[in-house]
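Notes to accompany the following structure.
The values are calculated or read from the model by the stated rules, or taken from the named source; none is laboratory data. Since the structure is predicted, the reported quantities are computational estimates derived from the model, not experimental observations. Glycine gets a Cβ as well: all are built from the backbone with ideal geometry, and neighbour counts include every protein chain shown. What goes into the accessible areas is simple: the full protein's heavy atoms, side chains included, and nothing from ligands, DNA or RNA. Shrake-Rupley method; radii C 1.70, N 1.55, O 1.52, S 1.80 Å.
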Amino acid sequence: MIGRLNHVAIVVPDLAAATAVYAETLGAKVSAPLDLPDHGVTTVFVELPNTKIELLHPLDESSPIAGFLAKNPSGGMHHVCYEVDDIYAARDQLKAQGARVLGDGEPKPGAHGKPVLFLHPKDFAGTLVELEQV
Ligand code: CO
């Protein structure tokens, strides 16, 4: 069902500092920051030859990742994103197998304007999983 690893997301306490680490210390290509009000985050994408790293910072106090940052003040790995061909077919197949889809279960436009869903970490080896239709 799942295809390529689209990105690994890392929550960071200071987006500019984390962007500088990737751009300057690690020498990677980074995007400009992008606010995603639907997801309550600001993102910067780090382009690697085989995948991407998504740096995430809360847009405000009500952000779903504000709690993550409170528990992990230095930041940390937040989720992995796998590509799927058909997000509705993937969701229905996963639900039929007992996996829990977060939120209202309906795909929402993600950071690339493509539909995404999140799956419960307890069903996937303790890791929050994002599915993105490509
Ligand atoms: Co993501």
Residue count, segment 100-116, condition part of a loop (DSSP other than H, G, I, E, B) and open to solvent by 20 Å² or more (accessible area, probe 1.4 Å), comes to 10
How many residues does segment 1-50 hold that are part of a loop (DSSP other than H, G, I, E, B), β-branched (V, I, T) and over 13 Å from the mean Cα position of the chain (by Cα)?
-> 1
Residues in segment 58-66: is at least one open to solvent by 60 Å² or more (accessible area, probe 1.4 Å) and within 16 Å of the ligand (Cβ to nearest atom)?
-> yes
Within 16 Å of the ligand (Cβ to nearest atom), hydrophobic (A, V, I, L, M, F, W, C) and either open to solvent by 70 Å² or more (accessible area, probe 1.4 Å) or in a loop (DSSP other than H, G, I, E, B) (or both): does that describe A90?
-> no
Matching entry among L34, L131, L119 (being buried (at least 19 other Cβ atoms within 10 Å of the Cβ) and in contact (Cβ under 8 Å) with a residue 40 or more places away in the chain) | L131
Test V46 against the stated conditions and say whether it is at pLDDT 95 or above, in contact with a helix residue (DSSP H, G or I) (Cβ under 9 Å, 6 or more places away or on another chain), within 30 Å of A20 (Cβ to Cβ) and open to solvent by less than 50 Å² (accessible area, probe 1.4 Å).
-> yes
